[in-house]
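Remarks on the structure that follows.
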There are 2 protein chains.
Amino acid sequence: MMLLSSMDRRQSSSFARYLDGESWEIKDALRDAIAKCELFESSSYELTLDQSRDLTAERLYHLLRLPFMKEHLRNQLKEKQKGFINKSLGITEIICSADMSTGVKLGVVCGLYGGAVSNLGSPEQKIKWYLPVSELEFTGMFAMTERGHGSNVRGIITEARYNQSTQEFIIHTPSEDAQKMYIGNAMKGNYAAVFAQLIINGESQGPHCFIVPIRDQNGVMWPGVTTIDMKHKEGLHGVDNGILIFNNVRIPRENLLGKFGSVSADGLYSSPVLSKSSRFNAMLAALTPTRLGLTVQAMAAMKLGLVIAVRYSHSRRQFGPKDQDEVKIIEHQTQYLRLMPHLAAALALIFTTRYAAGLMDDALCQGQDLQSNRALQALVAGLKAYSTWENVACLQDCRECTGGMGFMMENRIPSLKCDSDVFVTFEGDNMVMLQVVVRELLTQYTKLMGNNLVMGLIRNWTSSVSDSLRTSFLGFSVDKVGDLMFLLKAVSFRERVLQRSLASRLYSKVEKNKEEFFMAWNACLHHVTTLAMAHIHRVTLEQFALAVRECHIKEDRALLTK
Amino acid sequence: MMLLSSMDRRQSSSFARYLDGESWEIKDALRDAIAKCELFESSSYELTLDQSRDLTAERLYHLLRLPFMKEHLRNQLKEKQKGFINKSLGITEIICSADMSTGVKLGVVCGLYGGAVSNLGSPEQKIKWYLPVSELEFTGMFAMTERGHGSNVRGIITEARYNQSTQEFIIHTPSEDAQKMYIGNAMKGNYAAVFAQLIINGESQGPHCFIVPIRDQNGVMWPGVTTIDMKHKEGLHGVDNGILIFNNVRIPRENLLGKFGSVSADGLYSSPVLSKSSRFNAMLAALTPTRLGLTVQAMAAMKLGLVIAVRYSHSRRQFGPKDQDEVKIIEHQTQYLRLMPHLAAALALIFTTRYAAGLMDDALCQGQDLQSNRALQALVAGLKAYSTWENVACLQDCRECTGGMGFMMENRIPSLKCDSDVFVTFEGDNMVMLQVVVRELLTQYTKLMGNNLVMGLIRNWTSSVSDSLRTSFLGFSVDKVGDLMFLLKAVSFRERVLQRSLASRLYSKVEKNKEEFFMAWNACLHHVTTLAMAHIHRVTLEQFALAVRECHIKEDRALLTK
């Protein structure tokens, strides 16, 4: 909490406001509300699992009861709300800084469950299944991942058979691998947004999302539903993750969220999207804002870790010149070199995330569906992977740079580490995210080159040569802004070289040698992930450079200490 | 426990025995004893802090009561015990695999407290202060680190003033910065080996080690001693770390461990080592075996993490060619490329640690003092840094490669991560360890070049040229063993280039530009740490290559899959 109040103080400076961005007002209001709230005063690492979960739930409910939060939740149900996503991310960041479990639980209830209802449901469904959440009448959970299918979520095997005689869906878990796993809020929530294969007359229409009652407000379970507590995790002790098992659970026909597919009373399926595969992609696209939320959660952890480690490094002294005072440990070259690049990365990620959120807000305001904006989805996937890995590396260095103090729970770094470690694999494993990025890059590449890949490959080498010439020219520029620009050209060059060579490798494997695509892709996987990281580094650096240019004079220099 | 018993099975193979080394017999005996012991059956992550500490203590006492363990502890009191260190490390590894907290607590009681008494004490002192530990009459702790001084331990400020009239030392904590911190076993142990500045008639003789009673067997505190519980850490919940504060605590004159300095009844100080600085180095050298123990603890965690992650990767399937079964995740190129290098590093570290332990055992058997063997100390410091960092990276990849499963406590990876994370900073921060390595390398370099550094630098460039020629020649060798040899030459070359350029940078800063040594060194710190890592990589690869050569045919090939 000390940190939050010191953030308040910092708030007065224009630089801090520049970093907070357009949503600074709601962020300040939230900082203030949290600083005043007793529930956030004590730390939670001394509590039992149950106590910790109860405290997290209380904290969440307290925040959701705040008038401006209620209003924000209601706005989620309206369409075309200007700046809604940017605001949501600002809220996420502040709550995660105060307590990561509360932030993640908010993400489950509002981002995932709320996102599913508001993006996949009809207007009536939104009012029925999400409006009461803003009134705290009930809370929800999001049940997509199964024991057997996490990354390859298209392969889920939970079934939803339509029973025409009762006009119900029968939700069923046919095998152990079909159990819904790691479900957040599973031990407390009342409704679940469950992904299951929609089966009508024995024919599957692919995965769809259903609202399944789990337990009522008194904790009485819905018939056929079993929840199993997953108990202890590395971190996020306040989040109650569990397993859901459905034994022929009956739910009304209206509980299918119908935006991308619905079933008439007499069992006829209709959907605005014809192909099963695009239909599923459209549903997944609804999760894009939540994915960007993860980037913000990781950034909240990084910022906090860096504040703690950098301050400590300025107060702790160790070693020094003979017969003189010991020096501050930040003055040890390695300490400085370990912490500062993370600070630079955190700054760059702030602006890149804001850029992505802006694109998303613009798209939604213009009434575009997110699923059609593949470039945006690739950007968000790349940012998710980059930011969450950067967070793990950053907190590890913060922990090491604060020595034994960094191992003590009271100094927050260990819990930040343990809480945010899961981000690298959940809501899309980072390795899978990187592949999403590269598929998009290759699609762009193919479009650019036309269908004639061979001609494309030849053209490619010529421009590659001119690339390297241009890059060397830039090497002569020596002023400070030039440095950033030079770095930018260098990472762009790396990205283009990797992209072309990957396209050519894949082309020769698939077209010339007739290898199966999955096998060819897998043989290039290291190349794929390297390209994806190169791409996201370039985009991030670009946004950072833009932010530096648009910033006022004084702060400009401070930012440039990269 | 499942893992331990599966290790038992694996034990039958000659390869496993080759990996276990000479101490395979005691390791097997210990595996067997742990598998049979009920105390090790349940996991400890559901316990409260107190329960967890009690369980750890019970586990440790159970193991110390085993006849072969008792015998081993008694051997610690004898001099020139062949293979004692290698055996101790084998014991450490097995106990750490079963439970890291128990292993670390064993390290505190036997390695650190026991090491201090047996290496710094007279024969009578050993019998008085350590023999009872083997009988479990009491346990000890090791109090060196202070709030203000962790890495720079020479600067500790706890005082031990000699009072001639009562023939006592007065142990005192003069300020908050002098509090003994992070002390393991502080809440349960009976005696502490306390490092304090020895002051006689107002004059300091530098840090010495004193046995200070903390509490008796009934928990009654010794007058003037205060302990403060440090409670929750990132991991090692079973280890009771605390703060010790001494308020003019009186201890008899005989409680000064006298090997490197003692005080006569009438207050005359005598020491076999004249310079204060060498005296302190000699005392620190006594800790070298414990430092190597850390490498073994990190390896135990790595091995276990890899066993879990590699097995899971062979059973879990996700994604695959169109219309075919999903493939095992180990077949995804990135999964394989993430895990295998860690496996190779773990194997290489096994042999390098054994090599270092062998050198230490030989030195002790020949009656050499460890403090004079600076090369060995540099090797152990380098191994400590390399292995503990490699462990952090390895477990992070194991965690990520096992997805959500890797975040669940029941799958052990999270607790391995949290327990072993402290190794990178404790008992010598890794950054400091790397500097120890480089000081030794530069000393060797100066000896090699004679006093004429300038001539040395010239000679240096000539041999550098011939180096690169030799290296390119080796590039032509294409057989498999050649690959390993080529890699070895490459890392040796890198090390030599870094070493020469560092020597020349330091020379020009200190000799030519007359910079203060600490400042010059600090300006090169990144170079220093890079050189140290290059050095330890080379030594490790060398030992791995040697082990491959000395191994029998079949396993040879398995090992070579690096």
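Which lysines, on any chain, are close to residue B:489 with Cα under 17 Å apart, when same-chain ones fewer than 8 places away are left out?
Counting by Cα, and skipping residues close in sequence, residue B:489 has these lysines nearby: B:480, B:562.
Dipole size in debye (nearest 20) for the protein assembly as shown around its Cα centre, Lys and Arg Cβ +1, Asp and Glu Cβ -1?
That gives a dipole near 2680 debye.
Given contacts defined as C-alpha pairs under 8 Å and at least six residues apart, what's the relative contact order of chain B, whole-number percent? Could the numbers behind the result be given before it?
Details: 839 pairs, mean separation 70.5, N = 562.
After rounding, I find 13 percent.
Measure off, as a whole percent, the carbon and sulfur share of the 1.4 Å-probe accessible area of the range A:94-175, all protein chains present.
Numbers: 1240 of 2390 Å².
Carbon plus sulfur share of accessible area: 52 percent.
Just to be sure I understand: if you take the accessible area of chain B alone plus chain A alone and subtract the pair, with a 1.4 Å probe, what total do you get in Å², rounded to 100?
5300
Quick check: from the Cα gyration tensor, does the range A:118-232 come out rounded (a/c under 1.5), prolate or oblate?
On the way: a/c = 1.55, a/b = 1.15, b/c = 1.35.
It comes out oblate by the Cα gyration axes.
Could you rank the peptides B:243-252, A:191-200 by their average count of other C-beta atoms within 10 Å per residue, with the highest value first?
Ranked from most to least packed, the peptides come out as A:191-200, B:243-252.
Which of the listed residues, A:378, A:238, A:535, is farthest toward the dipole's positive end in chain A, when Lys, Arg count +1 and Asp, Glu count -1 at the beta-carbon?
The Cα lying farthest towards the positive end belongs to A:535.
Which distances, in nm and shortest first, link the residue B:444 label point to the same label point in every other copy, taking 7 Å along Cα→Cβ?
4.9
Whole number in Å², please: accessible area per residue of the protein assembly as shown, 1.4 Å probe, ligands, DNA and RNA not counted.
That works out to 41 Å² per residue.
If amide H atoms are built 1.01 Å from N in the plane of the peptide, which residues on other chains or at least 5 residues away come under 5 Å of the amide H of residue A:142?
Those qualifying (amide H under 5 Å, at least 5 residues apart or on another chain) are A:184, A:193.
If a/c stays under 1.5 just call it rounded; otherwise compare a/b with b/c (prolate if a/b is bigger, oblate if not). Do that for the protein assembly as shown, with a ≥ b ≥ c from the square roots of the Cα gyration tensor eigenvalues.
It comes out prolate by the Cα gyration axes.
Name the residue from B:98, A:285, A:251 whose Cα lies farthest towards the positive end of the charge dipole of the protein assembly as shown, charges +1 on Cβ of Lys and Arg and -1 on Cβ of Asp and Glu.
A:285
For the range B:15-135, just say rounded, prolate or oblate: build the C-alpha gyration tensor, square-root its eigenvalues into a ≥ b ≥ c, call rounded for a/c under 1.5, and beyond that prolate if a/b exceeds b/c, oblate if not.
Oblate, because a/c is 1.5 or more while a/b does not exceed b/c.
Do any residues of the range A:113-153 lose at least 10 Å² of accessible area when the full set of protein chains is present rather than just their chain alone, and if so which, with a 1.4 Å probe?
A:147, A:148, A:149, A:150, A:151, A:152
Roughly what would the spin-label model give for residue A:366 and residue B:447, points 7 Å off Cα along C-beta, in nm?
Result: 7.2 nm between the two label points.
If we hang a label 7 Å off Cα along the beta carbon direction at residue B:252, how far is it from the matching labels on the other copies, in nm, shortest first?
Copy-to-copy label distances for residue B:252: 8.6 nm.
Using amide H atoms built in the peptide plane, which far-off residues or other-chain residues are under 5 Å from residue A:163 H to H?
It is A:168, A:169, A:170, by chain and number.
Keeping the other protein chains in place, figure out the carbon and sulfur percent of the accessible area of the range A:349-421, with a 1.4 Å probe. Before the final figure, lay out each step's value.
On the way: 960 of 1940 Å².
The C+S portion of the solvent-accessible surface of the range A:349-421 is 49 percent.
Which one, B:224, B:24, B:510, is farthest towards the positive end of the dipole of chain B when Lys and Arg carry +1 and Asp and Glu -1 on their Cβ?
B:510
Any idea what the dipole of the range A:278-428 comes to, in debye rounded to 20, about its Cα centre with Lys/Arg Cβ at +1 and Asp/Glu Cβ at -1?
The dipole magnitude comes to about 40 debye.
Once the principal axes of the Cα atoms of chain A are found, what is the range along each, listed largest first in whole angstroms?
Principal extents (Cα only, largest first): 86, 66, 40 Å.
What average count of beta carbons from other chains do you get within 10 Å of the Cβ of residues in B:431-443?
The shielding value for this peptide is 1.
Put simply, what bits of the range A:308-334 lose 40 Å² or more of accessible area when the other protein chains are there, versus the chain on its own (1.4 Å probe)?
A:316, A:318, A:319, A:321, A:326, A:333, A:334
Normalising by the residue count of the range A:278-428, find the relative contact order in percent from Cα pairs under 8 Å and 6+ residues apart.
35
Would you mind finding the longest exposed-site-free stretch of chain B, with exposed GluC sites (Glu not before Pro) meaning DSSP loop and at most 14 other Cβ atoms within 10 Å? Please report the intermediate quantities before stating the final value.
Numbers: sites that count: B:41, B:46, B:79, B:135, B:137, B:516.
Looking at chain B, B:138-515 is the longest stretch - no exposed GluC sites (Glu not before Pro) with at most 14 other Cβ atoms within 10 Å.
In nm, one decimal, shortest first: how far is the label point of residue B:393 (7 Å from Cα along Cα to beta carbon) from the matching points in the other copies?
1.1
If the only charges are +1 at each Lys and Arg Cβ and -1 at each Asp and Glu Cβ, what is the size of the charge dipole of chain A around the Cα centre, to the nearest 20 debye? Don't skip to the answer; put the middle values down first.
Details: 63 positive and 58 negative charges, 286 e Å.
Once rounded to the nearest 20, the dipole reads 1380 debye.
Would you calculate, for chain B, the mean residue ellipticity at 222 nm contributed by helices, counting each DSSP H stretch of 4 or more residues as -39,500 (n - 2.57) and dividing by all residues, to the nearest 500?
-18000 deg cm²/dmol
Once the principal axes of the Cα atoms of the range A:278-428 are found, what is the range along each, listed largest first in whole angstroms?
Sorted largest first, the three principal extents are 71, 25, 18 Å.
Peptide A:398-409: average number of partner chain Cβ atoms within 10 Å per residue?
Whole-number average of other-chain Cβ neighbours for A:398-409 is 6.
Carbon and sulfur together cover what percent of the accessible area of the range A:267-311 at a 1.4 Å probe radius?
65
The values are calculated or read from the model by the stated rules, or taken from the named source; none is laboratory data. The model shown is predicted, which means the values in this text are computed figures rather than measured ones. Cβ coordinates were reconstructed from backbone atoms using ideal geometry, including for glycine residues, and neighbour counts include every protein chain displayed. With ligands, DNA and RNA removed, areas are computed over all heavy atoms of the protein, side chains included. Shrake-Rupley method; radii C 1.70, N 1.55, O 1.52, S 1.80 Å.
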